[in-house]
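The structure under discussion appears below in the form of structure tokens.
The values are calculated or read from the model by the stated rules, or taken from the named source; none is laboratory data. Because the structure is predicted, anything quoted here is derived from the model rather than measured. Because the Cβ atoms are built from the backbone with ideal geometry, glycine has one as well, and the counts that use them run over all protein chains shown.
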Amino acid sequence: MSNVDSRLAELGVTLPTAPAPAANYVPFVIVGDLVFVSGQISMNENGLITGKVGVDLDVAAGAAAARTCAIGLLAQVKAACDGDFDRLVRVVKLTGFVNSSPDFTDQPEVVNGASDFLVDVLGDAGRHSRSAVSAGALPRDVAVEIEGIFQIR
Amino acid sequence: MSNVDSRLAELGVTLPTAPAPAANYVPFVIVGDLVFVSGQISMNENGLITGKVGVDLDVAAGAAAARTCAIGLLAQVKAACDGDFDRLVRVVKLTGFVNSSPDFTDQPEVVNGASDFLVDVLGDAGRHSRSAVSAGALPRDVAVEIEGIFQIR
Amino acid sequence: MSNVDSRLAELGVTLPTAPAPAANYVPFVIVGDLVFVSGQISMNENGLITGKVGVDLDVAAGAAAARTCAIGLLAQVKAACDGDFDRLVRVVKLTGFVNSSPDFTDQPEVVNGASDFLVDVLGDAGRHSRSAVSAGALPRDVAVEIEGIFQIR
């Protein structure tokens, strides 16, 4: 895991400063060796990535949106590890919520944008259990929201 | 945490008798120091709080409904602690499902009704990781359903 | 728990070979004594069970679909236990997502198809905390997707 920061640099990914939610919840909670990370919404340096996948965004754009959620998760995990990715053992679980119309059926391909990114960065430690479903709607009309559970040391 | 019961009294909140689900699932399961609490649906002494937020209820009414879910979660956690809130270490994670139309985007403001209540009652121990999404529909047409993970000693 | 395999045989249930997802996620992750199992979609020997409950399937057909998700969960848990069900301590948590129209309100009755099956097979060890909600849509238009957390030894 010691090369996570360099791998991110290779991929040209700059982790955002882990944003703190503006409410009475927090970005992550650590219990024992588990880190529960709050749902991360699709956004990049230009702002929120919004719209319903299958209507406003195609599957590829949805997957790109999901990738930004994974970047947000990694930023929070790094904060949970006090900046030291060597403390990250593995990704345990992702739950991916896709903002879509009722007839959309490619949730797995969308959430793969997050799964593929995590394995690309973390290798086998990035492999995780997962659920991928549609939400009826998402906060601020974001395209994707993904929460995660991670194991740290 | 020793003042949870008195703080609830100050707020005029009476915890309901933790209702047992009428099926082959149970209100909570304890594993180690984690308590997994079943999804609690919006209800008060007058019955279920139903309808779609953004259509039948406004955001404030949705937040009030979410608050009742948090009251239900606390009732279950108290039962998990054999009635002793001193055993509650913290709220770990909430997942809030809002019954809404597809164009609703204020899920965070709705679920804040639960988050704010928990911090009001528990202080910093009430801060938690969280996801807030819309469900396409919810049981009995309730406005909000929230599940939770808690740490106890 | 030593009679799980014989109980499954009594019920005429053959666990499928635990299918491995075709992506960068895995069927389950073990952390300590917890097993996080990926969302299992409704399917049987004839293929996927698809459609929206309340529109294309009635509640009984939805419950039958949920039962197949539970069978998939058990298959994965057996794999997590290296084939030895004696290592299964209990079912901790299920989250059931029902593919339904926005006016559907019988999610609990649908997910009971999974809950009842698990208690039928595992007895008290099958009792679990649970959430049952509708998803706006599900992968491949399956009727039900259920994820689970299990405790093993």
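Do we find that A:S115 is in contact with an Asp or Glu (Cβ under 6 Å, 6 or more places away or on another chain), modelled with pLDDT of 95 or more, small (G, A, S) and buried (at least 24 other Cβ atoms within 10 Å of the Cβ) in this structure? So A:S115 does not fit the description; no. Selection of the range B:100-132 for residues being of a type outside the set (S, T, Y), closer than 17 Å to B:L57 by Cβ and within 7 Å of chain A (Cβ to nearest Cβ) yields B:P102, B:D103, B:F104, B:Q107, B:P108, B:N112, B:A132.
Please determine whether any residue of the range C:98-107 is assigned to a helix (DSSP H, G or I) and in contact with a strand residue (DSSP E or B) (Cβ under 8 Å, 6 or more places away or on another chain). Scanning the range C:98-107 turns up at least one residue that is assigned to a helix (DSSP H, G or I) and in contact with a strand residue (DSSP E or B) (Cβ under 8 Å, 6 or more places away or on another chain). Scoring A:V89 on the criteria (1) closer than 23 Å to A:T50 by Cβ; (2) outside any helix (DSSP H, G or I); (3) more than 7 Å from chain C (Cβ to nearest Cβ); (4) not basic (K, R) leaves a single failure, condition (1). Within the range A:121-139, the residues that satisfy the criterion of being outside any strand (DSSP E or B) and touching a Pro at 6+ places or on another chain (Cβ under 9 Å) are A:G136, A:A137, A:P139.
Each residue in the range C:10-40 was checked for being part of a strand (DSSP E or B), of a type outside the set (A, V, I, L, M), touching a residue at least 40 places away in the same chain (Cβ under 8 Å) and within 20 Å of A:L118 (Cβ to Cβ), and 4 of them qualify.
Every residue, every condition in (1) under 17 Å from the mean Cα position of the chain (by Cα); (2) over 28 Å from B:T105 (Cβ atoms); (3) aromatic (F, W, Y), yes or no:
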position: A:N44; (1), (2), (3): yes, no, no
position: A:L57; (1), (2), (3): no, no, no
position: A:I71; (1), (2), (3): yes, no, no
position: A:F85; (1), (2), (3): yes, yes, yes
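Determine whether C:S129 is of a type in the set (S, T, Y), under 26 Å from B:A137 (Cβ atoms) and in contact with a Phe, Trp or Tyr (Cβ under 6 Å, 6 or more places away or on another chain). So C:S129 passes the test. When the criteria are applied in full, A:L48 meets the requirement of being under 15 Å from the mean Cα position of the chain (by Cα) and farther than 19 Å from A:I30 by Cα.
Among the residues of the range B:133-153, those that are within 7 Å of another protein chain (Cβ to nearest Cβ) and over 13 Å from the mean Cα position of the chain (by Cα) comprise B:V133, B:S134, B:A135, B:G136, B:A137, B:L138, B:P139, B:R140, B:D141, B:Q151. If I filter the range B:42-74 down to residues being in a helix (DSSP H, G or I) and either of a type in the set (D, E, K, R) or surrounded by fewer than 21 Cβ atoms within 10 Å (Cβ to Cβ) (or both), which single residue comes out as farthest from the other protein chains (Cβ to nearest Cβ)? Applying the filter and picking the extreme gives B:A61. Would you confirm whether any residue within the range B:50-67 is farther than 17 Å from B:S134 by Cα and either touching a residue at least 40 places away in the same chain (Cβ under 8 Å) or among the charged types (D, E, K, R) (or both)? No, every residue in the range B:50-67 fails to be farther than 17 Å from B:S134 by Cα and either touching a residue at least 40 places away in the same chain (Cβ under 8 Å) or among the charged types (D, E, K, R) (or both). Per the conditions (1) under 12 Å from the mean Cα position of the chain (by Cα); (2) farther than 12 Å from B:V144 by Cα, the sole criterion not satisfied by B:V29 is (1). Checked against the criterion of being surrounded by 24 or more Cβ atoms within 10 Å (Cβ to Cβ), among the aromatic types (F, W, Y) and either in contact with a Gly (Cβ under 6 Å, 6 or more places away or on another chain) or within 27 Å of A:L34 (Cα to Cα) (or both), the range B:78-93 contains not a single residue that satisfies it. Of all residues in the range B:89-104, those satisfying the criterion of being among the aliphatic types (A, V, I, L, M) and over 15 Å from B:C69 (Cβ atoms) are B:V89, B:V92. Within the range A:100-108, the presence of at least one residue that is in contact (Cβ under 8 Å) with a residue 40 or more places away in the chain, buried (at least 24 other Cβ atoms within 10 Å of the Cβ) and not aromatic (F, W, Y) is confirmed.
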